[in-house]
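A.B. asks: Below you will find the structure I want to go over with you.
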Amino acid sequence: MMRKWSHSRFLFLVLFLLLVPSMIVFARDVRQGVECLIDEDEVVTGNLFVLCEDLTIDGEVTGNVIGAALRARIDGNVGGSIYLVSSELNLNGTVAGDVHFGGVALNWNAVPVQISDEDVLPTSNLIALDISTTVAKDANLPGGIINLGYQLIINGNVRDEVNFWGSTLNVMGNINSDVYAHVGDSSADSNSVATLLLPFNLDLTLAEPGLYVDAEASISGVLQYESPSVGTIAGDIGIDTIYNAVQPVALPSLEEPGSFSVFARSAIQEGTALFVMGAICLLLFPQSLRTPLLYMRYHPFASVSVGLLSFIISFPVILITFLLSLVIVVLMLWLGLQAVAAMVAVTLSVLILGGALTFYLVAIFVARALFALALGRFILRLVWSREAANVNAYVALFVGTIILSIIVTLPVIGWVANALALFLGLGGILHVLLERFRNMRGDTPETIDEPDSDTVGPTISVESLPRVNAADTEPKRPITSTKAPTQPRKLDVPPSPGMKDLPEGFDIGFFDDK
């Protein structure tokens, strides 16, 4: 029997399994664009990397599927594992490896696979960080589930252990192992989460919080759960049911005495940190902020995608770098180079720790401050006309930080606003770094043209930032004086033998000493 895990250990495990591949992945095939389709008769050999709006796999992928998509549907066969970030994933085919999913909704519709050799059973675990995970009726999940989200609905069959941390766990199928769950209070409702999901336009129904085991359901092992209220258990529990009561933690309401001061204090702290960081960036890098603001304005989806993927990839990159550094240090110790190993360990630790701190400092503070600057500019140009005088960048930053700090302190919608600000700002910053890297390589940088002043609608501009005249930055050409053409010299003495009848203009005194 598996012992109960703590929250910190579980979160670490989820991040490790969800974000870190089991090996270093090399993409053999890359698909990107609005629609990515693997036809029914198409076979992708090796790993497949995707960055699409709509991903459809009807054929076969012999390796792993890695990437992000707005919507994804897999009806074919995947010979490896799946590492996917998406708003919705419908899995109707077969997966030989594990499924790592991060997003909004996952629907597992895969039916049982008929195998001639019963001793060799495939194992496909599901590791998900989302809002809703559903195992459909008559579907089979040949492995276990580790899920952190709002709800987990099991209508089909799950072969191995289920670990769930969230609000709602409904079991109406069969689980052939133990269940460990932490669920919400059954007296609460799901209206706030349902409102949050309206922009995604998903065919998703949220169940009421708490634990529910249907009368026709069965759990072969132990059912151990934590909840503020006792769950409804009508089905068959194979071994035992263990209930641990927890005290619910209610979010403060603005109608309660003193709750407004709590929200105000959080908003002031958040706004102060963002304004100070943004002011420092405006003071030190006034010209460098222009390009990310323009990129955020004209390519918001690309900015969010780049920021999201970069933030997710940062975890395995840091971990792999740390493991490689550890291998190098251990190898040096094995060779007997203790002094060199100590120096390398200190150097690599400083570089890895410094790089990680710098990246997350930029992602958490600088990126959100940049978003606040863009938001403030957007709001001010809504209040005033677009042709108004230049607005001071510090005023725009101040207005943006006030609005953003108020929104991010709200209980539910604040998480979405914080993530949007982080990923959008981080994507714009990384675009600038990529363009500078291309300039260093001598590639032609991508240019973003600003619209004319009569463009309809509000804009995010940076006219208040100091501009540099293009004529001042253009390299100066050396000034050269034009010399008159050299005329043939006339000699006062008769020409030397052989110097007669020369072409016109020939200087017969060129070789003579002055």
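A.B. asks: Do we find a residue being in the same structural domain as Q269 (by TED's automatic domain parsing), under 19 Å from M277 (Cβ atoms) and either at pLDDT below 80 or not β-branched (V, I, T) (or both) anywhere in region 315-329?
C.D. replies: Step one: filter region 315-329 for residues in the same structural domain as Q269 (by TED's automatic domain parsing), giving 315-329.
Filter once more, so that each one left must be under 19 Å from M277 (Cβ atoms): none.
The answer is no; no qualifying residue exists.
A.B. asks: Output the residues belonging to region 52-107 that are over 30 Å from F423 (Cα atoms) and in a loop (DSSP other than H, G, I, E, B).
C.D. replies: Passing the criteria: D58, G59, T62, D75, G76, G79, N92, G93, A96.
A.B. asks: Has region 41-50 got at least one residue that is surrounded by 24 or more Cβ atoms within 10 Å (Cβ to Cβ) and among the aromatic types (F, W, Y)?
C.D. replies: Applying the first criterion (surrounded by 24 or more Cβ atoms within 10 Å (Cβ to Cβ)) to region 41-50 yields 48.
Remaining after also requiring among the aromatic types (F, W, Y): none.
Taking every residue of region 41-50 in turn, none turns out to be surrounded by 24 or more Cβ atoms within 10 Å (Cβ to Cβ) and among the aromatic types (F, W, Y).
A.B. asks: Follow-up question, since we're still on this one. I want to confirm something. Restricting to region 199-229 and keeping residues that are of a type in the set (V, I, T) and at pLDDT 85 or above, which single residue is farthest from D160 (Cα to Cα)?
C.D. replies: Looking only at region 199-229, we keep the residues that are of a type in the set (V, I, T), and these are 205, 213, 219, 222.
Filter once more, keeping what is at pLDDT 85 or above: 213, 219, 222.
Values: V213: 17, I219: 10, V222: 12 Å.
The residue in question is V213.
The values are calculated or read from the model by the stated rules, or taken from the named source; none is laboratory data. Worth saying up front: this structure is predicted, and the values here are computed from it rather than measured. Because the Cβ atoms are built from the backbone with ideal geometry, glycine has one as well, and the counts that use them run over all protein chains shown.
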